[in-house]
Amino acid sequence: MLAQVENANPLEIIDARFAIEPHVCRLSTLYGKKEHFFKLAELNDKMNNSSNSLSEFSAADTLFHKTLAESTGNNLLIWIISQITEARGLPEWTKARNLTLNPEIIELYNSQHFNILKHIRAREPELAASSMKAHLETARLSLTRAAGT
């Protein structure tokens, strides 16, 4: 694992995601295939059915974001998201996730994931990107509150 990834704190991870993932959504609307959208829908269903299981929700959430990157067909973006995914597995991120996730926030995240997927399937790049920005803003706010900053 790269030192930059190992040393990333949760807010740095969110900021990196904010810089990249809205554009990933735009590209997904252009290059995503039906099989990607089907997998995203399956993961969305899994997240919806995991509101009482932090580990199941987190695993499906991670795969949802990874699948979004894969749907772009852009190998560099897929690699960058894989690095972010590694950082999301570090102890500091896990601790922050455990502090911020609860059934209410999971329900909100699920609604946001649904909106992202809806706009990607409809091939609406700017609406998909805006939905991802809203999702990441929610995550950033949750992390900021948990960190007391």
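None of the figures in this text is laboratory data; all of them are computed from the coordinates on show. The structure presented is a predicted model; accordingly, all values stated were derived computationally and were not measured. Cβ placement follows ideal geometry from the backbone for every residue including glycine, while neighbour counts extend to all protein chains displayed.
The table below lists the values:
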quantity: Which label in [x] 1.03; [y] 0.97; [z] 1.22 gives the computed Cα Rg over 2.2 N^0.38 Å; calculated: [y]
quantity: Rounded to whole Å, sorted largest first: equivalent-ellipsoid semi-axes of region 19-62, Cα gyration tensor; calculated: 23, 13, 6
quantity: In sequence order, calculated HN-Hα J values of region 96-109 (Karplus, 6.51, -1.76, 1.60; Hz; x Gly/Pro); calculated: 5, 4, 5, 6, 9, 7, 8, x, 5, 6, 5, 4, 5, 4
quantity: Farthest toward positive dipole pole in the chain [+1 Lys/Arg, -1 Asp/Glu at C-beta], among S131, S82, N102; calculated: S131
quantity: Structure-based [θ]222 nm, the chain - -39500 (n - 2.57) summed over DSSP H runs of at least 4, per residue, nearest 500; calculated: -27500 deg cm²/dmol
quantity: Stretchable slack from L30 to F114, in nm (0.36 nm times residue separation minus alpha-carbon distance); calculated: 28.4 nm
quantity: Relative contact order (percent, whole number), the chain, Cα cutoff 8 Å, 6+ residue spacing; calculated: 38 percent
